[in-house]
Amino acid sequence: METAETLQTEIRHGAITFNGHNYASPDELRTLWTDHYIKLLNESPGDGDFDGSFKQYVEREVANMQLTFMKDHDDLGILSQAITTNEVASVCLSMPNNKASGEDNISYESLKYGGHQLYQTLCELFNAIITYTYIPAAMKHCVIVPLHKGKKKPRDDINSYRGISLNQVINKILEKIILTRMKPWFKGHNIPPPQQQSCKPGASSVTLSYVVHEVINSYRNENSKLFSCLVDIEKAFDSLWWSGLLYKMSKIGIKNKLWFFFREWLLNSTCNVMINGEVSPSFTISRSIKQGGLLSMIMFCISIYDIHTDVL
């Protein structure tokens, strides 16, 4: 069983060269990585990645949604039914063993073998969260551990690492319950869309790669021209814009109580960065979705949904 600390002993962070300076001491590395994630996971006032007028339009729309949407109205019926002890027990027992825990060091195994009394307590907690659309601050906190991407990327380059979030496993139980309830709705709305082959049961990016090769070969055989566009969304999870995500959720039909639930899941989140077993001070973030969060992939799919519907 891995805790945040035992996982960190297996991942050692060496010297990093950044802006011409070499950072090697434990304090230097911890400060560098913390500053890196504070900048990465927060919007800056002069962010050049935005169309200024469109950004203002979206933020006005989201502000209006906060005033017009109703927290006690569940259009989709996802949150109107109370979570049951059986749901909690089923999800707890389905979770894998030997996975890293969050900062609280509670593991999946602790929940699996906690028994009916624990399932009932979790059930009461989750139902209170849904009733009041309020998530405790401790459940919105995670520990970020930079993980080297491999593929011969230089280990002394800060951009060669992906920040993995060690979230409380209790969060993941609630995430999986919500995700399980929403699966039929997502399937009915083609989210993820048919063209997407990653992160879907029975499909993979290898499948899509095969399709692309077959299309290329077909055009070659017919001596026809084929135009393609490859897009790499850099730091896609880390830089995801919350207002943009909430705006797109409303456009596909996620409104009122469920919309407020997702908003509450995102806002006022906090992080620490753990480097070589030492944890940085906590800081607040204003964008991103967690690497390793069970709802993160579906939220990312929603954020790029109109690429498939409007462009392809």
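The values are calculated or read from the model by the stated rules, or taken from the named source; none is laboratory data. Small disclaimer: the values here were computed from a predicted structure and weren't measured. Cβ atoms come from the backbone with ideal geometry, glycine included; neighbour counts cover every protein chain shown. Ligands, DNA and RNA are stripped out before the accessible areas are found, and what is left, the full protein with its side chains, is counted by its heavy atoms. Shrake-Rupley method; radii C 1.70, N 1.55, O 1.52, S 1.80 Å.
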Subject >> Unmet criterion (only one of (1) more than 15 Å from I177 (Cβ to Cβ); (2) free of Cβ contacts under 8 Å to residues at least 24 places away in the same chain) for M70 >> reply: (2)
**OP:** Answer yes or no: is there a residue in the range 269-278 that is of a type in the set (D, E) and either free of Cβ contacts under 8 Å to residues at least 12 places away in the same chain or open to solvent by 30 Å² or more (accessible area, probe 1.4 Å) (or both).
**Re:** yes
**OP:** State the number of residues belonging to the range 85-101 that are surrounded by 14 or more Cβ atoms within 10 Å (Cβ to Cβ) and under 17 Å from F126 (Cβ atoms).
**Re:** 8
Original post:
Considering only the range 61-84, how many residues are of a type in the set (G, A, S) and either open to solvent by less than 50 Å² (accessible area, probe 1.4 Å) or in contact with a Gly (Cβ under 6 Å, 6 or more places away or on another chain) (or both)?
Top reply: 2
**OP:** Working only within the range 196-213, note down all residues that are open to solvent by less than 90 Å² (accessible area, probe 1.4 Å) and either part of a helix (DSSP H, G or I) or of a type in the set (K, R) (or both).
**Re:** K200, S205, T207, L208, S209, V211, V212
Subject >> Qualifying residue in the range 187-194 (condition: over 22 Å from I78 (Cα atoms) and either in contact with an Asp or Glu (Cβ under 6 Å, 6 or more places away or on another chain) or not hydrophobic (A, V, I, L, M, F, W, C) (or both)) >> reply: yes
Original post:
Residues of the range 174-190 being open to solvent by 10 Å² or more (accessible area, probe 1.4 Å) and among the hydrophobic types (A, V, I, L, M, F, W, C), which ones?
Top reply: L179, W185
Subject >> Criterion violated by K152 - all others in (1) of a type outside the set (A, V, I, L, M); (2) assigned to a helix (DSSP H, G or I); (3) open to solvent by 80 Å² or more (accessible area, probe 1.4 Å) satisfied >> reply: (2)
**OP:** Answer with yes or no whether F261 is modelled with pLDDT of 95 or more and at negative phi.
**Re:** yes
**OP:** State yes or no: is K225 outside any helix (DSSP H, G or I), over 23 Å from F300 (Cβ atoms) and among the charged types (D, E, K, R)?
**Re:** yes
**OP:** Inspect all residues belonging to the range 222-233 and state whether any of them is open to solvent by less than 60 Å² (accessible area, probe 1.4 Å), modelled with pLDDT under 95, among the hydrophobic types (A, V, I, L, M, F, W, C) and touching a helix residue (DSSP H, G or I) at 6+ places or on another chain (Cβ under 9 Å).
**Re:** no
Original post:
Quick one: in the range 279-312, which of the residues that are charged (D, E, K, R) and part of a helix (DSSP H, G or I) is surrounded by the fewest Cβ atoms within 10 Å (Cβ to Cβ)?
Top reply: D310
